[in-house]
Amino acid sequence: MQLDPVSRDYVEAVLALPAMQEWIKAAKSKTDHFIYSTFLAKPGIWLDDLYVKAEHRSHRFGQALMLRLRQIGQEKGCGRIDWTVAVSNERGIKFYERIGAKLINQVKLCRLDGQALSK
């Protein structure tokens with residue numbers, strides 16, 4: 001993701017905020033969110049949720065978080081970062097497309113939870 005100098009300065013300032021530093025620290029230490037892609041033969045990152053409170057949207061916080069997550073992925077030698085987005089989340093989909101994410105429609109999310117998990 002290429003940023004113009006003004007945007008880069010803003011993103012760096014956002015990332016320096018204490019709350020962002022806590023998020024980054026957690027992202028770096030959560031090795032249980034690293035995955036392994038047998039297709040790429042490389043590790044990857046599974047992003048469970050990216051939620052930005054309504055009052056903080058349109059201030060590039062999501063952009064800053066995704067940029068830092070990309071940097072963490074590069075530092076760890078990851079081949080990709082995966083996550084899901086609700087099909088009804090048009091704003092989120094547009095955001096992800098804007099930052100260069102590919103929407104993969106050929107797969108479906110599978111889950112075992114509740115009683116199915118304990119069988």
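The values are calculated or read from the model by the stated rules, or taken from the named source; none is laboratory data. Predicted model only: the values in this text are computed from it and were never measured. A quick note on method: Cβ atoms are made from the backbone with ideal geometry, for glycine too, and the neighbour counts reach across all protein chains shown.
Of the residues L50, L103, only one is aliphatic (A, V, I, L, M), at pLDDT below 85, under 24 Å from S37 (Cβ atoms) and part of a loop (DSSP other than H, G, I, E, B); which?
Working: L103 fails: at pLDDT below 85.
From the options L50, L103, the qualifying one is L50.
Quick check on the range 31-47: of everything there that is small (G, A, S) and modelled with pLDDT of 80 or more, which residue is nearest to I81 (Cα to Cα)?
Going through the range 31-47, the residues small (G, A, S) turn out to be 37, 41, 44.
Add one more test, that the residue is modelled with pLDDT of 80 or more, and what stays is 41, 44.
On the way: A41: 14, G44: 6 Å.
This residue is G44.
Checking the structure you have, find out if any residue of the range 54-73 is within 15 Å of the chain's Cα centre (by Cα), at negative phi and assigned to a loop (DSSP other than H, G, I, E, B).
Residues of the range 54-73 that are within 15 Å of the chain's Cα centre (by Cα), as a first pass: 60-73.
Narrowing further to those that are at negative phi: 61-73.
When the remaining residues are screened for being assigned to a loop (DSSP other than H, G, I, E, B), the result is none.
No, that holds for no residue.
For the range 68-119, what are the residues that are of a type in the set (K, R) and closer than 19 Å to R57 by Cα? If you could, list the steps in order and put the result at the bottom.
Of the residues in the range 68-119, the ones of a type in the set (K, R) are 68, 70, 76, 80, 91, 94, 98, 102, 108, 111, 119.
R68, R91, K94, R98, listed by residue number.
Given the condition surrounded by 10 or more Cβ atoms within 10 Å (Cβ to Cβ) and touching an Asp or Glu at 6+ places or on another chain (Cβ under 9 Å), answer yes or no: does some residue in the range 67-78 qualify?
No, there is no match, as no residue in the range 67-78 is surrounded by 10 or more Cβ atoms within 10 Å (Cβ to Cβ) and touching an Asp or Glu at 6+ places or on another chain (Cβ under 9 Å).
Testing Q2 on (1) at pLDDT below 65; (2) at positive phi, one condition comes back false. Which one is that?
Of everything listed in (1) at pLDDT below 65; (2) at positive phi, Q2 misses just condition (2).
Being within 16 Å of G44 (Cα to Cα) and at pLDDT below 90 narrows it down to one of R111, R70, so name that one.
Numbers: R111 fails: within 16 Å of G44 (Cα to Cα).
R70 is the lone residue from the list that is within 16 Å of G44 (Cα to Cα) and at pLDDT below 90.
Can you pull out the residues in the range 79-99 that are exposed (fewer than 10 other Cβ atoms within 10 Å of the Cβ) and closer than 22 Å to K42 by Cα?
If the condition is that a residue be exposed (fewer than 10 other Cβ atoms within 10 Å of the Cβ) and closer than 22 Å to K42 by Cα, then no residue fits.
Please list, ordered by first then second residue, the pairs with beta carbon atoms under 9 Å, 6 or more apart or interchain, first in the range 71-83 and in contact (Cβ under 8 Å) with a residue 12 or more places away in the chain, second surrounded by 13 or more Cβ atoms within 10 Å (Cβ to Cβ) and assigned to a loop (DSSP other than H, G, I, E, B).
I72/C78; G73/G79; I81/L47; I81/A101; D82/L47; W83/L47; W83/L50; W83/A101
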